[in-house]
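The values are calculated or read from the model by the stated rules, or taken from the named source; none is laboratory data. Note that this is a predicted model, so its numbers are computed, not measured. Here Cβ is always computed from backbone atoms with ideal geometry, including for glycine, and neighbour counts include all displayed protein chains.
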Amino acid sequence: MKATNPITPDTPFASLGARASAWLRARMPTPRLRGDPAVLGHRRVYILPTRYGLVYAGCLLLMLIGSINYQNNLGYMLTFLLTGLGLVAMVHTWRNLLGLAVHGGRAEPVFVGQEACFPLYLDNRGKRPRQAIRADAPEAAGMVEDVPANDSARLFLHAGARRRGVFRPGRITLSTLYPLGLFRAWGYVDTGIECLVYPTPAPIGDPPEQEVPGGNESGGKGHGVDDFLGLRPYRAGDSLKQIDWKALARERGLVSKEFGGDQTRRIALDWELLPGIDTETRLSLLCRFVLLADSQQQHYALKLPGVHIAESHGEKHKHACLAALARF
Amino acid sequence: MRQLLDSDLPQSQISRLTLLLGAAALPHFNNLAMAVMIAFFIMLAIRLWLSQKGLGMPRRWLKVLLALAGFAVVYLNYGSIAGHIAGGALLTLMLGLKTMELQTRRDLYLTLFLTYFLIITQFLFSQTILLTLYLLAVVWGLTALLVSVNQVQRTTDRDALRVSGAMLLQSIPIMAILFVVFPRLDGPLWSMRLDSTAQSGLSDQLSPGSFDRLVQSREIAFRAMFDGPPPPPEQRYWRGPVMWQSDGRTWSGVQNDWRGPPDVIPESEPVSYQIILEPTRSRRLLALDLPAGPIPDATLTHDFQLISHHQIHSRKRYEMVSHTTYRMEDLTARGWELGLQLPENVTPRMRELVAEWQHGASDPRQVIERALGYFREQPFYYTLEPPLLRQNPTDQFLFETRRGFCEHYAAAFATLMRIADIPTRIVAGYQGGEFNTLGDYLIVRQSDAHAWTEVWLDDQGWTRIDPTAAVAPSRIQRSIDYDLLNPGEEIAFREGGAGTLDFMHRVNLLADAINARWELWIISYNNSSQTLLLYNLGLDFIKHSGLMMLSAILPLALLALLAWHMARRNRTAVDPERRLYDRFCALSQLRELPRAPGEGPRDYAQRIANHYPDKAQSAKRIADQYIALRYGGRETTQQHLDELKQSIREFPS
């Protein structure tokens, strides 16, 4: 498999192609359901010569003129053989894509800033292998893969997840230059692939300046807190309920409150506890807390305006919470 | 895409292209200056060495220097950089230089296309079958290279060769159709003459020694294919230049007076035949004595020379009709005058000799008989290396040396006949030829060049008299055996009869037979053969524009056929059980658990069972039914299919 950059197709009619593609989109069948393969039928495979194809045609024209002028029959023969080769290559390129079935797989959720990875299944039901099939999406780097005869292949489209929420890389362009690179055949499929993008977990910041301890009763909702001892920089492994949320909200980074007594294993992560900061920061803080709580195998609940996820634990619970944050 | 296309190529592919380029240029060793070829191959060797060592490309200034040196080498060798030889040399050198900066995909495509150009220049020099097959193999290699640079996984070379071979085979019908129907023009678009090399073939003048070079050449002058049986050897006189005027040493022709040839009364069935003439770079065409009429783009002169309207730069094929025995009447006054012209150096002993023959002879025929008898009975020898003749060649030859070749006998005989007041002229051409029974045609070589005379007899017109036949009758029956030709000795003649031909000679004849077909059908295919072909097919209503349209339509029709065939093979030939199983995999209940590519039915059933214990039973049943149908080896019946269909329908939601 080979990664490439998503750049406009290598056809010489780029602007024309842009206008044409708008027209084509109107002709496209309605998007299919996820899991349903989209098949590139003969009405959905387009083909144009590449730059090299045009240069090749120019060469053939010169060879033909030479053959006419020297009245050289073997010159004619070579010219016509190569003409035939070019035409046959066109059919082969078209055939390479024709009837290819495509369906998208499930993309694993990622955090903002990470790379989303969309699996794409190319299903070849024909008797000939298909070589060098390339998939591109407007927001994803293209990939090239072979599909053996009567078999399928999987490739991944990679795209940086830049925004929280559901990330759809857009309509997929399948194309191929095989076998000679003189023509490019392509077709559009809408596989409906998508990827859930969780918010970025808030960074664990530097310790703030020495601070006078605030009121201890506001230091969290944890039950059974014994004696509040003071504040110290956050250390890995500190329990969530030790965190001084207000300090966090004032953007002083993560500060842990030291308690002398026992700790309980239950927390509620509440949107309302982070007042006065913007939505995205709130979400990213909550995201960090979910991850922290999960890494400490604590039980936690998540409360967002209109969403309430009951207290639980485990991988499934974590993803449910993160998904709620992503979709917020 | 750009990144993929312009990415650097692996060294192995650069090496392959370099080797193929070398293979494409190799036959130019025959055509181009040695300095050019050596420089070219040194550049390729350097490129291969750099690839091997993984070293960088030469610097820019070095490449510029090499390019200038290339121009200089070509200019110094040819005095020009235009024309097909110098142009070919320049292209070769520049391609050698191009390998020095062969790095990206773009470079590869450019070099590869230019290599196709280099291949086409080979055909300007030679058009043999072997060369064509060789260059076809190179084209195959180049195409395979194109396939392999477009593959993702670099599979084996065999794979790329197989794909490109199949594509080339598929393009052959398109090539054949285009070759036949693409309209051929009569002349070039603009004058782009092939640079001429030394002239070969008959000269328009005759003097002692003018046949030496020809007779030692085994080159083929032309091939002749007869519609019926070939004429017997003693009638195979191929008429070329006719000489009337003598200055005592050299015989030459007269200007055509633009009057057509005199009427001929044939006395035998006409002989129809085709001639494929090798390029002569003159306008002379050969025909069996005596041509009955001109061909479309040639003139028949008053003395029956066939002169083309264009120079013969490439092989020419034409159809002719001749009469081997004939009669004609009325010699013009100018004909009498020219036919009796005598040089100034006629000596008294020549006149005495003629007077002796004329004594008591009432008929010119008797004089002629006596003259031939003189050559036969006196010690004349037929040899290719006669002694040098100085002031008066005819006199010296007749009375002193008496050793000579056909031109000596013809010249001497013509002079003597004119002294006897018999109008005489000398005809040069070819005599005989080797009949290739394997290909059913006659091969006439330069070594068959010959000269004879024609005398005017009142009741018969111009009559062929071959004085050489009086001295060496075997010359007329058989060809000179060039394998036994020893300068200075008497000439040996090839023994007739196919039975005595040795094996190698048979192989040569077979090869020539194949070559002749190649010439006839491929190399000499032109405007007139195209017209003839259309006529024979009853399609002669199709004109140039129609051919142009056919050239566009027919290949596209073939292409559509290919596309249809390939699309059909592409279509799913899915068995019914596979279709059912696919339907099962696409069930909405399993949306969350799609079958992974390549996952076997049993594994998939197991995975379903792990995920949805309630569906385990059904999944397993479906997998079993499917496996039994697909791989069980038993007959697929509708009942089994229905069972599978039922199980899928009953799959729990």
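Which condition breaks for B:T401 when tested against (1) modelled with pLDDT under 90; (2) in contact with a strand residue (DSSP E or B) (Cβ under 8 Å, 6 or more places away or on another chain)?
Every listed condition holds for B:T401 apart from (2).
Could you give every pair whose Cβ atoms fall below 6 Å, whose first residue belongs to region A:104-125 and is assigned by TED's automatic domain parsing to the domain that holds A:A140 and part of a strand (DSSP E or B), and whose second residue is at pLDDT 85 or above and not hydrophobic (A, V, I, L, M, F, W, C), counting only separations of at least 6 or pairs across chains?
Note: pairs meeting the criteria are A:F111/A:Y198; A:F111/A:T200; A:E115/A:H158; A:E115/A:G160; A:C117/A:H158; A:N124/A:R130.
Given the residues B:L214, B:L202, which is the only one that is at pLDDT below 85, outside any loop (DSSP other than H, G, I, E, B), at negative phi and in contact with a strand residue (DSSP E or B) (Cβ under 6 Å, 6 or more places away or on another chain)?
Testing whether each residue is at pLDDT below 85, outside any loop (DSSP other than H, G, I, E, B), at negative phi and in contact with a strand residue (DSSP E or B) (Cβ under 6 Å, 6 or more places away or on another chain) leaves just B:L214.
Among the residues of region B:115-161, what is the count of those that are closer than 21 Å to B:L102 by Cβ, part of a helix (DSSP H, G or I) and either more than 8 Å from chain A (Cβ to nearest Cβ) or in contact with a Cys (Cβ under 8 Å, 6 or more places away or on another chain) (or both)?
So the answer is 14.
Exactly one condition in (1) modelled with pLDDT of 80 or more; (2) under 30 Å from B:S171 (Cβ atoms); (3) buried (at least 19 other Cβ atoms within 10 Å of the Cβ) is not met by B:Y604; state its number.
B:Y604 satisfies every listed condition except (2).
Looking at region A:65-79, can you tell me whether even one residue there is surrounded by fewer than 19 Cβ atoms within 10 Å (Cβ to Cβ), more than 7 Å from chain B (Cβ to nearest Cβ) and touching a residue at least 12 places away in the same chain (Cβ under 8 Å)?
The answer is no; no qualifying residue exists.
Okay, residues lined up against (1) more than 29 Å from B:A176 (Cα to Cα); (2) at pLDDT 85 or above; (3) more than 8 Å from every other protein chain (Cβ to nearest Cβ):
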{"residue": "A:V88", "(1), (2), (3)": "no, yes, no"}
{"residue": "A:H92", "(1), (2), (3)": "no, yes, no"}
{"residue": "A:A101", "(1), (2), (3)": "yes, yes, yes"}
{"residue": "A:E108", "(1), (2), (3)": "yes, yes, yes"}
{"residue": "A:F118", "(1), (2), (3)": "yes, yes, yes"}
{"residue": "A:G126", "(1), (2), (3)": "yes, no, no"}
{"residue": "A:A132", "(1), (2), (3)": "yes, yes, no"}
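Working carefully through the options B:Q378, B:Q311, B:Q358, find the one that is more than 30 Å from B:L285 (Cβ to Cβ), out of contact with any strand residue (DSSP E or B) (no Cβ under 9 Å at 6 or more places or on another chain), without any contact (Cβ under 8 Å) to a residue 60 or more places away in the chain and polar (S, T, N, Q).
B:Q378
Just for strands (runs of 3 or more DSSP E) wholly inside region A:144-202: which have at least 2 residues that are polar (S, T, N, Q)?
Because the criterion is at least 2 residues that are polar (S, T, N, Q), the strands (runs of 3 or more DSSP E) in region A:144-202 that meet it are A:172-176.
Of these, B:L55, B:L66, which one is assigned to a helix (DSSP H, G or I), at pLDDT below 85 and not β-branched (V, I, T)?
Going through B:L55, B:L66 in turn, the sole match is B:L66.
Kindly indicate whether B:T104 is more than 9 Å from chain A (Cβ to nearest Cβ) and farther than 17 Å from A:L78 by Cβ.
The answer is yes for B:T104.
Among the residues of region B:87-108, count how many are in a helix (DSSP H, G or I) and within 27 Å of B:N77 (Cβ to Cβ).
Going through region B:87-108 one residue at a time, the tally reaches 15.
Does A:E139 fit the bill of being more than 7 Å from every other protein chain (Cβ to nearest Cβ) and farther than 24 Å from A:L177 by Cβ?
Criteria not met by A:E139.
Taking the conditions exactly as written (in a helix (DSSP H, G or I), within 14 Å of another protein chain (Cβ to nearest Cβ) and of a type outside the set (A, V, I, L, M)), does B:T111 satisfy them or not?
Spelling it out, B:T111 is indeed in a helix (DSSP H, G or I), within 14 Å of another protein chain (Cβ to nearest Cβ) and of a type outside the set (A, V, I, L, M).
Looking at (1) closer than 30 Å to B:W251 by Cβ; (2) at pLDDT 90 or above, can you tell me which one B:V138 breaks?
Among (1) closer than 30 Å to B:W251 by Cβ; (2) at pLDDT 90 or above, the lone unmet condition for B:V138 is (1).
Any idea which residue in region B:398-411 is farthest from B:A428 (Cα to Cα), counting only those that are within 47 Å of the chain's Cα centre (by Cα) and surrounded by fewer than 22 Cβ atoms within 10 Å (Cβ to Cβ)?
B:T401
Kindly indicate which of B:A628, B:A563 is touching a helix residue (DSSP H, G or I) at 6+ places or on another chain (Cβ under 7 Å), at pLDDT 80 or above and surrounded by 13 or more Cβ atoms within 10 Å (Cβ to Cβ).
Selected residue: B:A563, the only one of B:A628, B:A563 that is touching a helix residue (DSSP H, G or I) at 6+ places or on another chain (Cβ under 7 Å), at pLDDT 80 or above and surrounded by 13 or more Cβ atoms within 10 Å (Cβ to Cβ).
Here's a check for you: in region A:142-185, which residue that is surrounded by fewer than 22 Cβ atoms within 10 Å (Cβ to Cβ) and of a type in the set (S, T, Y) is nearest to the other protein chains (Cβ to nearest Cβ)?
A:S152
Of all the residues that make up region B:443-460, how many are touching a Pro at 6+ places or on another chain (Cβ under 6 Å) and surrounded by 22 or more Cβ atoms within 10 Å (Cβ to Cβ)?
So the count comes out to 0.
Of a type in the set (A, V, I, L, M, F, W, C) and under 22 Å from A:M63 (Cβ atoms) - does that describe any residue in region B:26-33?
yes
Looking at the structure I just gave you, is A:K303 surrounded by fewer than 19 Cβ atoms within 10 Å (Cβ to Cβ), of a type outside the set (F, W, Y) and touching an Asp or Glu at 6+ places or on another chain (Cβ under 7 Å)?
Criteria met by A:K303.
If you check A:T191, A:T200, which single one turns out to be modelled with pLDDT under 90, surrounded by 23 or more Cβ atoms within 10 Å (Cβ to Cβ) and of a type in the set (S, T, N, Q)?
Among A:T191, A:T200, only A:T191 is modelled with pLDDT under 90, surrounded by 23 or more Cβ atoms within 10 Å (Cβ to Cβ) and of a type in the set (S, T, N, Q).
Which members of region A:276-328 meet the condition of being assigned to a helix (DSSP H, G or I) and of a type in the set (D, E)?
Across region A:276-328, the qualifying residues are A:E280, A:D294, A:E315.
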